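Each remark here refers to the structure printed beneath this line.
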Amino acid sequence: VGDIASEDLAACAELAARIARRAREQLGADGVNLLNSCGSAAWQTVFHFHMHVIPRYAGDPLRLPWTPAPGDQDEIAEAAAALE
């Protein structure tokens with residue numbers, strides 16, 4: 001995964017799993033994608049380590065790879081509040 005120390009990667013994975021569980025519990029997600037893209041051939045567009053925690057719902061329109069675009073700020077704020 002390139003530029004992240006093993007212990008930091010482990011901590012990120014643990015936190016991502018906790019957030020994923022919370023997304024299912026608090027947001028009613030049917031599933032969750034945990035995604036890290038490493039390199040432009042893997043759709044990376046922000047060139048530092050980061051993990052996407054993507055709540056998924058049956059029939060949602062998201063298809064991978066996706067083109068990043070701004071989301072609905074009110075919907076994002078509401079989801080963030082539910083995950084606190």
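The values are calculated or read from the model by the stated rules, or taken from the named source; none is laboratory data. Bear in mind the structure is a predicted one, so any value in this text is a computation, not a measurement. Glycine also receives a Cβ, built like all others from the backbone with ideal geometry; neighbour counts cover every protein chain displayed. Keep in mind that these areas ignore ligands, DNA and RNA; they rest on the heavy atoms of the full protein, side chains included. Shrake-Rupley method; radii C 1.70, N 1.55, O 1.52, S 1.80 Å.
Rg and Dmax of the chain, Cα atoms, in Å?
Just the Cα atoms of the chain yield Rg and Dmax of 13.7, 37 Å.
Rounding to the nearest 20 debye, state how big the charge dipole of the chain is about its Cα centre with +1 on each Lys and Arg Cβ and -1 on each Asp and Glu Cβ.
Result for the chain is approximately 300 debye, rounded to the nearest 20.
I'd like the orientation of helix 73-83 relative to the chain: the angle between its Cα long axis and the longest Cα principal axis, in ° from 0 to 90, rounded to 10.
That works out to roughly 90 degrees.
Where the Cα atoms of the stretch 30-71 are projected onto their three principal axes, how long is each span, largest first, in whole Å?
Rounded to whole Å, the extents work out to 30, 19, 17 Å.
Take the solvent-accessible surface of the protein heavy atoms, probe 1.4 Å, and return the percent of it on the chain that carbon and sulfur atoms account for.
It is 55 percent, rounded to a whole number.
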